[in-house]
Amino acid sequence: MATVRLLEKLGVAFEFPKDQTCCGQPQFNSGCFRDAAKLAGKMFRVFKDFDWVVCPSGSCTGMVREYYELLLEREKGGEEFKHLVSHTFELCEFLIDILKVETIDASFPHKVSLHQSCHGLRGLGLGVPSEQVLPGRTGKVRRLLESLRGIEIVTTGRSDECCGFGGTFSVFEGAVSSFIGRDRIRDYEQAGAEVIVSYDMSCLMHLDGLIRRDKKLLRIMHIAEILDGAVA
Amino acid sequence: MTDSRRLVLDRLKKHAIAGDTSYPAYSHPHTGITDPRKSFQSVIESVGGECRFVADLDDAWKVVAGSEVFLSAKQVCSYVKEIAEGNFDAEAIADARQCADVDLAIVRGELGVAENGAVWVNADPLRHRALLFLSGHLILVIKGRDIVPDMESAYARNDFSSIRSGYFISGPSKTADIEQCLVIGAHGAKSLLVLVVG
Amino acid sequence: MKSHARLAAGFLKQEERAHWHDQALWYVREKRDRMAASVPDWERLRDTAQAIKRHALANLPHYLEEFEGNAAARGAIVHYALDAAEHNRIVLEILKGRNARLVAKSKSMLSEECGLNEYLERNGVQVVETDLAERIIQLAGERPSHIVLPSIHIRKEEVGDIFHEHLGTEKGESDPTRLTRAARTHLRERFLAAQAGISGVNFAVAETGAVVICTNEGNADLGNSLPDLYIAVMGVEKVIPKTRDLSVFLRLLSRSATGQPISAYTSHLLGPRPGQAMHIVIVDNGRSEILQRERFHRAAFCIRCGACLNTCPVYRRSGGHSYNYVIPGPIGTILAMHRDLKKFKDMAYASTLCGSCTAVCPVKIDIHRQIVLWRNDVVEAGYLGRAKSAALKTATLGMKSTRFFRMGGWTVRTILRILPPFVFNNRLTIWGKSRDLPRMPARSFRAEFRAYSRRKTNPPELGAKKEGRS
C-alpha cells in the first residue's frame, strides 16, 4: 500500500489490474520453465496495454526484464512484448529515471542499513555492485535515501552480499540460507542500524523471520514505506 | 593416437558460439600509471621484494657488496660480470642439480613492468634455467630505460617467440597456503632484489 | 552420495569454523576488488578477454594445429587424448618409456578431473604433489576444496599435525613460516630425485607454441626444469591465438584469483630445455560437447581463476567438499552438469542466484544464468524430485487463476493468523526450523486497495500501472 500512496503523492495516474497474480519467478528459479511461462503469459496479457508497469520488487522486475524473453518464445518478437519488457520498472528506478524524482523532500532521522537485494542490484542496476569497477557511479536507491533529511546510512564491510533467501533455496538449503541471513543481520546490527531497508520484500521477509526468531531489535522496512511515510 | 587427434579436431569444428567471433582489435594501456619507476618499485615492495635505483654499474656493485645476502652467501653465481664476478660457474656444470646449493644468483633482466613489478628474464643465456628457482636468493638487474608501464607494452616491446624459455618474475617465491598467512620463500628464491641501473 | 544441502548443513554445524572459512575467502575477494579497482580499464579488459575466447574457441581446430606445429618445431612431442582414460594412458606410457618412477607434479585441475594421480599410483609410479596446498591435502588423503587454494579449509594446527606425521616436524608446530620451510626442504629432495615433472598449463599460445604457466612458489619450474622428462597436460580450451593476448589474460588472472597483480613466476616455455624430452597432452574429455551447447558453451571460456568460488556466499559457507564434483562452487556447478546431469543435479540448486559470480568472472561467463537454465534441464529430465515438483505444480495452479490465487492468499493469511505461532515456528517445519514465519497482514492487498480507493473522492484512473503485493 505504501507504493500506492507514494505514487499518488507523486501525481502518478495508475491502476492495479485485479487479474494479476505472479510473475512466475518461483517456478522459473526452480527450473520449471513451462509453468513459469504460463504465469508469464498471464502477466503479459494482463499488463500489455499499459504505458508503464511499476513494481515494488527488484526480483520481479528483473524476472520480466531479464528472463521473459526466454519464457515467451512466441511473443518475444512482437511490439507489445518489447514494450512491456522495456517499460517495466522497479519503483525506485521509475522514480529516478522516468519521473525524474531524485530527491524526496522529507525527513527520516534514523540509522538505516541499505540491503542491496541481488536481482535489483546486479540485474537492474539499482546500485553499484561492489564487484565491478564503475568509477563515478552512484546507486539510484542510495541517492533517494540519502536525500531524506536526518537519515544516516550505516555501512558494513560487505556492501552487497546476498541475504541468503534465494526463493526455494531458503527451503531446500535452509541451513545455508539462515546462516547467510544471520551473518547479514549481525553485520547490520554491528554497524548500528535501527532499520534494514530494501526494495525487495522477499529479502526483508527472510531477514525478518530470523530477526524475530533471534529476538533482535532491528526493524525491516520496504523502501516504499520509508519514502511514503516520509512524504507528507 | 593419430586417430584421437583427428577425432578431437573434427569434434571441435562444430560449435554453438553465436554472433561476432572475429578476433578483437584492442588496446588497454594502463592509464593509472603516471610514474612508472615509482609504481614499479612500490609493487615490488608490496609483493615482498626490494627495488633499488642506482646510477651506474659501480653503484650497483656497491649495493650488492653491501647486501646481507651477498655477504653471507657461500655460493654466488653471477651472469652480470660487470657488477659481480661470483664464485660459482653454473655454465661449467653438466647437471643442474649441482646448483641446488647456490645461495645467490645475479641475472640480467630485459624489461621491468610497472603495473605488476615483474621483470622479464630471458633464460636462454643460462645453461640451467633451474638456477633461477634453485638459488636461495635472486638479484635481477635491468636498465632504467627498460621499464614499461604495463603488460601490453611489454609484449609489444620484446620478441617472445625467439626464446626457448623466459619468465616474468615478480617478487620472491611465496605461498599463503597455510591459513592464508603469507610466507616469503616457498620453493624458489627467498628474496628478490631488483637493481635498476640508470 | 550426500547432497550439497546435507553436506553443507554438516559443514555449518561447526559454526566457528564455518565463519572462519567464510572470512578467509571473503578476504581474498576483497583483495581482488582492490586490485581490480587499480586497473582503470578493468571492465573493458573483461570484454576483450571474452572476445578473444569467443574467437579462439570458434576456431579451435585451426589454433590447436597452429600451436601443435609450432610446439613440435621447438622439439615438443604433442599428443591428443579423447577422454580422461586416454589422457591417463598416454601419460603413463610416456613415463614408462623413460622408466620414470617418481614424478614431481605441479597443480593441474585437468589431472584431478582425469584422476591421474590415482591411476599412476596404481601403475607403480609415485606422484609427489609439489604445490604446497596440494601436498598438504595429498598427505592428508583429501581432495582439493578450491581450484586455486586447495587447502583453504585446513587450519594451521591441522597442517602441523599432518607435517608432524609425514615430515617429522615437531609436534604442535603450527607456525606457517616454519611449516613452509619444512615443506621446502622435504620437497626440494623430491624435485632433485624426480625422473619426471608434470604440470598443467595456464595458456598455450598458438602463434609460437609456447606453454605458459603461472605459480607463486616456483614449484612448476623446478618440476619442468630439473628432470629430463617433462609432461604438460592441458584442456583443448587453453589455447589462445597470439602472444599479445597474454597481456589481457595475465592482467586479469592473478588479480581475479588471489588479488595479486601477477603471480611470482609466469613461465614461458617454447619446447624442452637441452637434454630434455617435453611432451604436451591435449585433452578433450567433454569440452567439445560443451562448445556445442548454445546456452552453455561459455563455460568453456573459464581460465580457472576461482574468483567465482571466493565471491559465492554459498560456497564460502559450505566449503568445496560439500560439492560432489571435482571442481566446486559456481563454475564447478555449470561444468558438472555437462559431466552428469543426474549425478550432480543437487549442485544446480546450491545457489541463491545472486549473480556475484557472473560479476567477478574475468571472461564474463554468465554463470548464474547458466545455473538456472540447468535447473530447467533437471526438471525436463524429470530429476527434480517428487516433493519439489508437487509443491511447485500446486503453486502454479494456484497462481494461474486469479480466483485461486486470491483464495490461496486468504487461506494462508487466515490460517497463519488463527493458529498459534508455535505450530509453524518449530524444528519440524522446514521454514520454521530456524526462523519465524512472516507476519500475515489481515487483509489482502486487493482488499486494502479497494478500501483505499473507495475512501478517496477521486479514485486513481487508468494510466500507469502497478503490480502490487497480494
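Given R₀ = 45 Å, what would the calculated FRET efficiency be for C:GLU16 paired with C:GLU121, taking r from the Cβ atoms and rounding to 0.05?
With R0 = 45 Å, the Cβ-Cβ based efficiency is 0.80.
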Practice task
Report, as an integer, the average count of C-beta atoms from other chains found within 10 Å of each Cβ along B:118-129.
Solution key: 3
Problem - Calculated FRET efficiency for the pair B:ASP10/C:GLU30, C-beta based, R₀ 41 Å, to 0.05 - result: 0.35
Exercise for the section: Take each of the peptides C:148-159, B:166-177, average the number of other beta-carbon atoms within 10 Å over its residues, and list them starting from the highest. Expected result: B:166-177, C:148-159
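Taking the Cβ of C:HIS55 as the center, what net charge do the other residues with Cβ under 12 Å away carry, scoring Lys and Arg +1 and Asp and Glu -1?
Working: positive: C:LYS53, C:ARG54, C:LYS242; negative: B:ASP20, C:ASP245.
Result for the neighbourhood of C:HIS55: +1.
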Completion exercise
quick note, segment C:82-211, DSSP beta bridge pairs, % antiparallel (nearest 5) is 20 percent
Exercise for the section: Determine the shielding of peptide B:130-140 by partner chains: average, over its residues, the number of Cβ atoms on other chains within 10 angstrom of each Cβ. Expected result: 4
Exercise for the section: State, as an integer percentage, the relative contact order of segment B:48-197 based on alpha-carbon contacts under 8 Å between residues 6 or more apart. Expected result: 29 percent
Problem - Between 0 and 90°, nearest 10: helix B:57-66 axis offset from chain B longest Cα axis - result: 70 degrees
Problem - Global form of segment A:2-97, assessed from the alpha-carbon gyration tensor, a/c cut-off 1.5 - result: prolate
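Taking each residue of A:18-28 in turn, how many C-beta atoms of other protein chains fall within 10 Å of its C-beta, and what is the average? Please report the intermediate quantities before stating the final value.
Details: counts 7, 4, 9, 14, 8, 2, 3, 0, 5, 6, 4.
Mean partner-chain Cβ count within 10 Å for A:18-28: 6.
What's the FRET efficiency of A:ALA13 with A:LYS82 using the Cβ-Cβ distance as r and R₀ = 22 Å, to the nearest 0.05?
Numbers: r = 23 Å, r/R0 = 1.06.
Computed FRET efficiency for A:ALA13 and A:LYS82: 0.40.
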Practice task
Set Lys and Arg Cβ to +1 and Asp and Glu Cβ to -1, take the dipole of the protein assembly as shown about its Cα centre, and tell me which of A:VAL171, C:PRO40, A:ILE96 lies farthest positive.
Solution key: A:VAL171
Fill in the blank from the handout: A student applying the Cα gyration tensor rule (rounded when a/c is under 1.5; otherwise prolate if a/b is larger than b/c, oblate if not) would label segment A:103-230 oblate
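How about segment A:188-232: which trypsin sites (Lys or Arg not before Pro) there lie in a loop by DSSP and see at most 11 other Cβ atoms within 10 Å? Present the calculation step by step, with values, prior to reporting the outcome.
Values: sites: A:ARG212, A:ARG213, A:LYS215, A:LYS216, A:ARG219; in loops: A:LYS215, A:LYS216.
Passing sites in segment A:188-232 are A:LYS215.
Rounded, prolate or oblate: which one fits segment B:48-197, using the alpha carbon gyration tensor with axes a ≥ b ≥ c (rounded when a/c is under 1.5, else prolate when a/b beats b/c, else oblate)? Don't skip to the end; give the middle numbers.
Numbers: a/c = 1.23, a/b = 1.12, b/c = 1.09.
It is rounded, given that a/c, with a ≥ b ≥ c, falls under 1.5.
As a test of the formula, what do you get for chain A when each DSSP H run with n ≥ 4 contributes -39,500 (n - 2.57) and the sum is divided by the residue count, at 222 nm and rounded to the nearest 500 deg cm²/dmol?
Values: 11 runs with 95 residues, N = 232.
It comes out at -11500 deg cm²/dmol, rounded to the nearest 500.
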Problem - Listed residues A:CYS92, A:CYS23, A:CYS32, most fluctuating in chain A (Gaussian network, C-alpha, under 10 Å) - result: A:CYS32
Practice task
Kindly rank B:99-108, B:183-192 from highest to lowest mean number of other beta carbons found within 10 Å of each residue.
Solution key: B:183-192, B:99-108
Completion exercise
Two pseudo-spin positions, 7 Å from Cα along C-beta at C:ASP175 and at B:ASP35, lie apart in nanometres by 3.7 nm
Fill in the blank from the handout: Expected max-MSF residue from B:GLN180, B:GLN41, B:GLN98 in the GNM of chain B (alpha carbon, under 10 Å) is B:GLN180
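Taking the mean number of other Cβ atoms within 10 Å as a proxy for protection, how do you rank C:107-119, B:4-16 from highest to lowest?
On the way: C:107-119: 20.7, B:4-16: 16.6.
Result, highest mean Cβ count within 10 Å first: C:107-119, B:4-16.
Any read-out appearing in this document is the output of simple, stated calculations on the displayed coordinates, not a laboratory observation. Keep in mind that what you see is a predicted model, and the values were worked out from it rather than measured. Neighbour counts are summed over all protein chains in view; Cβ atoms, including those assigned to glycine, are modelled from backbone coordinates with ideal geometry.
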